[in-house]
Amino acid sequence: MQTTANTTRSYRPLTHDDREEIMMGLRNQLSRRKIARELGRNVSVITREIKANSTEDGRYQAFWANARSNRRRIQSRTRPRIPDPVIRTYIEKKLIEGWSPEQIAGRLPVDIPGKSVSYETIYLFIFIKRRDLTQYLQCGRKKRRKRKDPRKKRVLIPDRVGIEERPDHINDRSEHGHWEGDTAVSRKSRAALMVLQERSLGLTLLQKLPRCAPGDMAEAMIECLQTLPDHMRRSITFDNGQENRHHRKLSEHLGMDTYFCDPYSSWQRGSVENAVGLTRRFWPKRTDYALISDAEIAMVEYRLNTRPRKRFGFLSPLEYAATVALSP
């Protein structure tokens with residue numbers, strides 16, 4: 001039973017067989033309305049098909065009509081990505097500086113008023129048109145690895161206070177002066193990199209450690225944090241690494257409370273984990289930290305503190321800190 005044009009509502013592209021029927025109907029001098037009824041289509045579909053895919057001399061050939069339609073469909077999907085050279089140049093520059101596509105898209109209207117682009121378009125531009133830029137993307141894996149081992153290892157940290165006892169005003173980032181701490185280590189050297197991240201302002205502090213040892217870690221944290229005002233050093237949250245065994249020194253010298261994540265739960269310190277990942281873009285795994293100068297560390301620290309952040313309306317941590325009251 002033929003499907004009438006009045007009951008056909010969903011989109012169905014014309015096939016090569018449909019075009020054969022149109023060609024034979026025209027050769028038999030059938031009206032377009034009659035051809036449409038035979039195919040169960042609206043007469044406007046037949047009219048547009050004949051007009052769009054006839055040859056230059058006005059003849060309708062099924063083979064050439066099908067070829068023209070396919071070519072037009074392919075070309076419609078290959079439109080240029082980001083044709084504006086100003087936006088392309090801005091994207092390339094910021095990718096090389098270590099910005100993510102989302103940061104670039106959010107900051108672009110601030111730096112170049114009147115220009116805008118979505119971060120999804122930037123990703124398509126990179127992966128389809130400029131695959132040479134993929135080396136500057138931050139993520140190394142497409143999907144997060146599932147944690148399949150639920151076992152809890154024994155924690156050997158004296159006077160450890162679990163994260164479940166951390167107050168709500170720290171958890172919701174409503175108060176300044178609460179930090180997260182971690183280390184970036186390498187198989188190539190005994191030296192390591194200490195990374196501190198402030199939870200509400202997003203400020204990052206970096207310092208090289210001669211060894212990833214409890215004494216060196218505590219001394220470096222005290223050296224970095226003691227120059228800050230009291231209201232900017234309230235607490236710090238660690239993982240359960242043995243380099244954090246001397247956490248009580250922070251309480252003794254700086255009056256800071258210390259908290260520890262659950263084992264195998266690094267996501268509970270997501271801010272500093274992200275900061276460590278950003279440092280890997282400058283110093284990949286197996287980098288010998290002993291060969292890195294203090295000037296290089298200061299440069300990277302500045303770069304991290306001037307990167308735009310989505311949660312701050314794409315202001316950098318330094319810019320955001322200047323807009324909020326840092327009084328006690």
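Please treat every number below as a calculation from the coordinates, not as lab data. Since the structure is predicted, the reported quantities are computational estimates derived from the model, not experimental observations. Positions of Cβ are generated from backbone atoms using ideal geometry, with glycine treated the same way; all protein chains shown enter the neighbour counts.
Summary of values
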quantity	calculated
All-pairs Cα distance distribution in region 180-328, expressed in whole percent, bin size 10 Å	11, 41, 38, 10, 0
Identified option (computed Rg and Dmax of the Cα atoms in Å; candidates (i) 24.7, 85; (ii) 20.9, 68; (iii) 31.0, 99)	(iii)
Neighbour cut-off at most 15 other Cβ (10 Å), DSSP loop, GluC sites (Glu not before Pro), region 96-128	97
Dipole of the chain, positive direction: furthest Cα of 265, 42, 90, with charges on the beta-carbon	42
Extension gain, residue 67 back to residue 230 (0.36 nm per residue minus Cα-Cα distance, nm)	51.3 nm
At most 15 other Cβ within 10 Å, DSSP loop - trypsin sites (Lys or Arg not before Pro), region 30-66	59
Computed [θ] at 222 nm, helices only, for the chain once each DSSP H run of length n ≥ 4 contributes -39500 (n - 2.57)	-11500 deg cm²/dmol
Dipole of the chain, positive direction: furthest Cα of 185, 118, 156, with charges on the beta-carbon	118
Between helix 214-225 and the chain: long-axis angle, C-alpha atoms, 0 to 90°, nearest 10	80
Helix axis angle, 294-305 relative to the chain longest principal axis, alpha carbon, degrees	50
Charge dipole of the chain about the Cα centre (unit charges at C-beta), most positive-ward option of 292, 282, 196	282
Estimated dipole of the chain in Debye, rounded to 20 [Cβ of Lys and Arg +1, of Asp and Glu -1, Cα centre]	2260
C-alpha long axis of helix 85-96 to longest principal axis of the chain, angle in °	40
Lys, Arg +1 and Asp, Glu -1 on Cβ, resulting dipole of region 85-136 about Cα centre, debye, nearest 20	160
